[in-house]
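Below is one structure; the comments refer to it alone.
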Amino acid sequence: GVLHYLAFAALPVPGGNGSRLLIQDYVVAYLPAASALVYGKENGGPQKEMLAMAPSNSRLRYAPQEARGVGRLFPRHSLVLVGTGATATAFEKEASSFRLIHLAAHGFFDQLNPVFSGIQLEATRGDDGRLEVYKILRLHLHSQLVALSACETALGSGYFSQYPAGDDIVGLVRAFMYAGSSSVMASLWEVNDRSTMQFMKSFYGNLQKTDEAAALREAQLRMIGSHGRYSQPYFWAPFVLVGTKN
């Protein structure tokens, strides 16, 4: 139910007078259901490192810069597609070859029929650019992580709607995991694209030294420790790591 929309990382620690948050004491990761421990596919160990995409139709000012910055952190065997080159067709062709996948784009959720939820990429002739759940389920990924740097990509249902979130609702996160990704990082609410650019740079820098959940925690702690505008939970708390370690 409503707990699907709660950022556990931002909860105050009991007895801490609200001054200390859960993420400051714990590494937090999620599973959409216990069945995720079973249906996750074996990682085939792709040789290519990073696929980063940022379509121009999202009108996210800093998304192309974010994708390029992420790509530069993985100069060996990375592919960065921005603007009109960031098509759904290209994603479906290339995604299975990469260990890390980063999508800086708009997400959308279909409350009545969740299998039509998705990520909006660039269109091509004969394809509308909508990377929807039912298309993702047909993919054969071998990724360690899919990062959905987009709005509301972790949702499995509409906010507090008559269609409650739960194990029986198919969303983007479970679709990517079912398609073969060991883990997915997604967002619980609309994110600020400038702060997200900085957040992702920190996250991927950490990921070169540790696992996904710990890398996410370190990025969140860095924002908290900045004591500036971006230290507020609105900017760092929406990102959640769903999945298991390789």
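Among the residues of this structure, Ser97 counts as one that is open to solvent by 30 Å² or more (accessible area, probe 1.4 Å) and hydroxyl-bearing (Ser, Thr, Tyr).
Of the residues Phe160, Phe176, the single one that is at pLDDT 90 or above and of a type in the set (Phe, Trp, Tyr) is Phe176. Is there a residue in region 234-244 that is open to solvent by 20 Å² or more (accessible area, probe 1.4 Å) and farther than 22 Å from Val173 by Cα? No, because not a single residue in region 234-244 is open to solvent by 20 Å² or more (accessible area, probe 1.4 Å) and farther than 22 Å from Val173 by Cα. Against the test of being in contact (Cβ under 8 Å) with a residue 40 or more places away in the chain and more than 22 Å from Asn206 (Cα to Cα), the options Ala63, Ala95, Ala86 yield a single qualifying residue, Ala95.
Inspection of region 108-117 identifies no residue that is surrounded by 20 or more Cβ atoms within 10 Å (Cβ to Cβ) and within 19 Å of Ser56 (Cα to Cα). Tell me, yes or no, whether region 124-135 has at least one residue that is part of a loop (DSSP other than H, G, I, E, B), open to solvent by 60 Å² or more (accessible area, probe 1.4 Å) and modelled with pLDDT of 90 or more. There is at least one residue in region 124-135 that is part of a loop (DSSP other than H, G, I, E, B), open to solvent by 60 Å² or more (accessible area, probe 1.4 Å) and modelled with pLDDT of 90 or more. For region 138-153, a residue qualifies if it is of a type outside the set (Asp, Glu), open to solvent by less than 60 Å² (accessible area, probe 1.4 Å) and in a loop (DSSP other than H, G, I, E, B), and the qualifying residues are Leu139, Leu141, Ser143, Gln144, Ala150, Cys151, Thr153.
Answer yes or no as to whether Tyr204 is open to solvent by less than 30 Å² (accessible area, probe 1.4 Å) and assigned to a helix (DSSP H, G or I).
Answer is yes for this residue.
Residue by residue through region 175-187, note down the ones that are open to solvent by less than 10 Å² (accessible area, probe 1.4 Å) and part of a loop (DSSP other than H, G, I, E, B).
Gly180, Ser181
The set of residues in region 213-235 that are modelled with pLDDT of 95 or more and among the charged types (D, E, K, R) comprises Arg217, Glu218, Arg222. Of all residues in region 52-78, those satisfying the criterion of being surrounded by 17 or more Cβ atoms within 10 Å (Cβ to Cβ) and either β-branched (Val, Ile, Thr) or more than 23 Å from Glu190 (Cα to Cα) (or both) are Val70, Gly71, Leu73, Phe74, Ser78.
In region 188-201, the qualifying residues are those that are of a type in the set (A, V, I, L, M, F, W, C) and out of contact with any Ser or Thr (no Cβ under 7 Å at 6 or more places or on another chain), and the one that is surrounded by the fewest Cβ atoms within 10 Å (Cβ to Cβ) is Trp189. Whenever a residue of region 208-236 is without any contact (Cβ under 8 Å) to a residue 40 or more places away in the chain and over 20 Å from Tyr30 (Cβ atoms), its partners that are in a helix (DSSP H, G or I) and of a type in the set (Val, Ile, Thr), lying with C-beta atoms within less than 6 angstrom and at least six residues away or across chains, give the pairs Ser231/Ile224.
The values are calculated or read from the model by the stated rules, or taken from the named source; none is laboratory data. A quick note: this is a predicted structure, and the numbers were derived from the prediction, not measured. Glycine also receives a Cβ, built like all others from the backbone with ideal geometry; neighbour counts cover every protein chain displayed. These area figures cover heavy atoms from the full protein model, side chains too; ligands, DNA and RNA do not enter into them. Shrake-Rupley method; radii C 1.70, N 1.55, O 1.52, S 1.80 Å.
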